[in-house]
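The values are calculated or read from the model by the stated rules, or taken from the named source; none is laboratory data. What you are looking at is a predicted structure, and each value in this text was computed from that prediction instead of being measured. Because the Cβ atoms are built from the backbone with ideal geometry, glycine has one as well, and the counts that use them run over all protein chains shown. Side chains are part of the model used for accessible areas, which takes the heavy atoms of the whole protein and leaves out ligands, DNA and RNA. Shrake-Rupley method; radii C 1.70, N 1.55, O 1.52, S 1.80 Å.
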Amino acid sequence: MRRLIVTIGCTAALSALITSCSAPAATEATKSPKKAGFLAVADTSATGRGPLTVQLDYDSVEEDGLDPQSADTARSWSLGSLVYEPLVTVGPDFSIKPLLASSWTQPDATTYVFTLRKGVTFSNGRALTTADVVGSLQRLLKLPAPYARQLGPVASVKATGPDQVTVKLSRAYTPFLAALANTPAAILPMKEVNDGSLDLKKEMLGTGPFTVKEHKQDQHWVFAPSTSYRDAARLRISELNVKIVPQETTRLAALRNGSADFVFFNNVDTLDQLAGTRNAKAVSQRNSDFYYLIQNAKNKNSPLANQKVRFALNSALDRGQIASVAFGGKTQPTGVTPTVLPGACDPTKLPGAEAGTSSAKQALQAALKEAGFKDLTLRLAVYNSEPANAQIAQVIQQQYAKAGVTVKILKYDTSTYISKIYGEKPDFDLAISWFAGYVDPAMVTRWWNPEVAGFSAAFLNNDVELNKLIDKASGQPAGSARNTSLTEVCERVDTNAALLPLVTRPAVIGYRTDKVSPTLHSNEGYGNILRNIVDFTLPSAK
């Protein structure tokens with residue numbers, strides 16, 4: 001709520017005042033991390049063992065229940081990662097690291113040969129086999145789930161040795177390893193899946209460090225250590241209790257009074273609110289996730305069906321002001337390639353930013369006249385479970401007002417929002433949401449192709465030229481040529497102005513220093529705040 005008040009106060013003032021509003025308060029989070037690439041590194045001298053209580057804002061909510069391969073939300077990926085593991089994982093610098101694959105080779109641009117780690121078993125005690133790997137990837141590729149489309153042009157998956165699996169692509173696809181590094185690409189116990197003894201929608205059985213002891217939807221999870229986990233002796237947590245607590249203030253109080261040990265927050269104000277709190281610390285994790293603004297281009301009766309109108313509105317946006325006013329400078333403007341990733345385009349050099357806010361009103365009036373409209377009043381939809389959405393909406397409302405546009409902000413519960421934006425009959429002009437940004441800059445661009453994404457077809461016209469640019473960038477190796485292609489993708493998205501990236505989405509993690517010593521990456525691409533939980537240590541007095 002405080003940030004909301006700050007938002008109104010800042011935007012009502014002259015732009016010169018915005019600088020003072022954006023200056024972050026000094027907190028422990030502003031101190032340099034102990035190790036490059038890490039916000040925190042677990043204290044290995046701590047020898048305690050015991051339970052850990054985590055509080056999250058919402059539970060996994062998936063149409064296919066607990067099936068990790070069809071999960072399409074970051075929260076499901078995070079919880080699923082406690083039980084399931086993919087072939088590879090992500091390092092603190094977004095690089096790809098071995099996990100269930102101990103190594104891999106790439107003999108040519110379209111062939112990947114994975115060698116499986118020895119000594120890996122599922123939580124039922126059965127050893128991991130190449131058949132599990134082949135079957136899992138083939139199953140994922142057949143699913144209609146959006147994430148399956150991130151694997152790219154896989155032509156075949158075959159066992160090519162007792163501990164070796166070879167994947168062949170029909171053409172070069174640079175994000176392939178990055179796509180494998182997320183929970184939906186986890187390796188499943190295919191013997192049990194195929195013989196019907198395991199229903200993936202209702203049960204979880206993986207190679208990861210935990211098993212599910214209890215789950216009550218939207219209330220809590222209880223995880224127990226897997227005795228079959230290959231590194232079980234290193235695990236210090238005897239029981240992991242994950243409580244779903246939607247109210248941000250309640251989670252904040254729980255961390256302060258010690259009833260929660262490790263907590264996720266949406267609100268960057270938490271950094272200030274926890275400053276000085278005894279035995280509590282908050283850190284801001286840099287995410288590739290980003291917020292976006294939809295300008296519904298498929299409503300033929302709306303001025304937004306006109307590209308010139310959409311682009312004029314795009315040029316009225318000041319992403320730097322959104323970052324400073326709505327987030328206190330804890331986030332960054334971004335193009336369609338997440339700013340924090342190597343090779344991303346510079347959002348300040350895109351056509352909308354270069355056109356500038358000063359000429360937006362005049363350009364908009366000309367575009368409206370050409371399209372046969374005079375005045376413009378738009379409905380901006382947000383869902384109320386994430387406070388930042390409303391904060392961004394207020395800044396945009398005021399920026400568009402300067403261009404002569406009236407914006408009415410409509411707040412919905414999540415299910416109503418989904419129905420109005422992604423339903424069969426979309427009913428909105430503008431809407432705010434966010435995407436996971438992943439760890440390769442070409443991955444998220446695929447959602448700008450409605451034929452690939454599916455869900456964006458409700459409001460996004462198919463742009464054949466953009467699709468060609470996305471495919472070109474996806475097939476190029478990292479380097480200057482690819483960076484140029486990614487910039488072309490950014491420019492095309494920015495000019496079309498139907499689905500507009502805004503700013504990166506920060507994550508605030510709070511923890512009790514007297515209860516847990518976590519290892520936390522400075523960067524995260526899949527929204528997984530529970531990554532590295534095997535490395536967490538506990539004080540001996542716990």
Taking the stretch 300-309 and keeping residues surrounded by fewer than 22 Cβ atoms within 10 Å (Cβ to Cβ) and assigned to a helix (DSSP H, G or I) leaves ALA305, GLN307, LYS308
If I ask for residues that are part of a helix (DSSP H, G or I), closer than 21 Å to THR487 by Cα and either touching a residue at least 24 places away in the same chain (Cβ under 8 Å) or among the charged types (D, E, K, R) (or both), which ones from the stretch 454-467 would you list? GLU465, LEU466
When restricted to PHE459, PHE455, the only residue modelled with pLDDT under 95 and open to solvent by less than 60 Å² (accessible area, probe 1.4 Å) is PHE459
What number of residues in the stretch 101-112 are surrounded by fewer than 21 Cβ atoms within 10 Å (Cβ to Cβ) and of a type in the set (A, V, I, L, M, F, W, C)? 2
I'd like to verify a number: residues in the stretch 330-371 that are open to solvent by 50 Å² or more (accessible area, probe 1.4 Å) and among the β-branched types (Val, Ile, Thr), how many? 2
Here the residues within the stretch 60-80 that are in contact with a Lys or Arg (Cβ under 7 Å, 6 or more places away or on another chain) and either in a strand (DSSP E or B) or of a type in the set (S, T, N, Q) (or both) are SER60, GLN69
Quickly run through the stretch 507-518 and pick out the residues that are open to solvent by 10 Å² or more (accessible area, probe 1.4 Å) and either of a type in the set (Phe, Trp, Tyr) or assigned to a loop (DSSP other than H, G, I, E, B) (or both). TYR511, THR513, ASP514, LYS515
Looking only at the stretch 229-244, decide whether some residue is in contact (Cβ under 8 Å) with a residue 40 or more places away in the chain, farther than 30 Å from PRO342 by Cα and touching an Asp or Glu at 6+ places or on another chain (Cβ under 7 Å). yes
From (1) open to solvent by 20 Å² or more (accessible area, probe 1.4 Å); (2) acidic (Asp, Glu); (3) within 26 Å of SER238 (Cα to Cα), pick out the condition that doesn't hold for GLU63. (3)
In the set ALA297, ALA312, ALA326, the lone residue that is out of contact with any His (no Cβ under 7 Å at 6 or more places or on another chain) and surrounded by fewer than 22 Cβ atoms within 10 Å (Cβ to Cβ) is ALA297
Output for Cβ contacts, cut-off 7 Å, separation at least six or different chains, first residue closer than 18 Å to GLY352 by Cα in the stretch 293-306, second among the acidic types (Asp, Glu), reads ASN296/ASP429; LEU304/ASP429
Among the candidates THR484, THR513, single out the residue that is of a type outside the set (Gly, Ala, Ser) and without any contact (Cβ under 8 Å) to a residue 40 or more places away in the chain. THR484
Taking ASN462 as meeting all but one of (1) polar (S, T, N, Q); (2) closer than 17 Å to LEU304 by Cα; (3) in contact with a Ser or Thr (Cβ under 8 Å, 6 or more places away or on another chain), write down the number of the exception. (3)
Enumeration of residues in the stretch 91-100 that are open to solvent by 10 Å² or more (accessible area, probe 1.4 Å) and within 18 Å of the chain's Cα centre (by Cα): PRO92, ASP93, PHE94, SER95, ILE96
Which numbered condition in (1) outside any helix (DSSP H, G or I); (2) of a type in the set (S, T, N, Q); (3) buried (at least 18 other Cβ atoms within 10 Å of the Cβ) is the only one that THR270 fails? (1)
Can you pull out every residue in the stretch 113-137 that is in contact with a strand residue (DSSP E or B) (Cβ under 6 Å, 6 or more places away or on another chain) and either surrounded by fewer than 17 Cβ atoms within 10 Å (Cβ to Cβ) or acidic (Asp, Glu) (or both)? THR115, THR121, ALA127
Kindly check whether there is at least one residue in the stretch 79-95 that is in contact with a helix residue (DSSP H, G or I) (Cβ under 7 Å, 6 or more places away or on another chain), at pLDDT 95 or above and of a type in the set (Ser, Thr, Tyr). yes
Given the criteria under 26 Å from the mean Cα position of the chain (by Cα), in a strand (DSSP E or B), modelled with pLDDT of 95 or more and of a type in the set (D, E, K, R), does LYS213 qualify? no
Looking at (1) β-branched (Val, Ile, Thr); (2) touching a helix residue (DSSP H, G or I) at 6+ places or on another chain (Cβ under 8 Å); (3) farther than 17 Å from GLY125 by Cα, which is the only condition THR166 fails? (2)
Open to solvent by 10 Å² or more (accessible area, probe 1.4 Å) and under 23 Å from ASN301 (Cβ atoms): which single residue out of ASP440, ASP427, ASP413 fits that description? ASP427
Taking only the stretch 216-249 into account, find how many residues are open to solvent by 70 Å² or more (accessible area, probe 1.4 Å), under 24 Å from the mean Cα position of the chain (by Cα) and either of a type in the set (D, E, K, R) or modelled with pLDDT of 95 or more (or both). 3
Can you find, within the stretch 150-164, the residue that is surrounded by the fewest Cβ atoms within 10 Å (Cβ to Cβ) among those that are under 29 Å from the mean Cα position of the chain (by Cα) and either over 22 Å from ALA442 (Cβ atoms) or of a type in the set (S, T, N, Q) (or both)? SER156
Which residue, of THR495, THR487, is open to solvent by 10 Å² or more (accessible area, probe 1.4 Å), at pLDDT 95 or above, farther than 27 Å from ALA178 by Cα and in a helix (DSSP H, G or I)? THR495
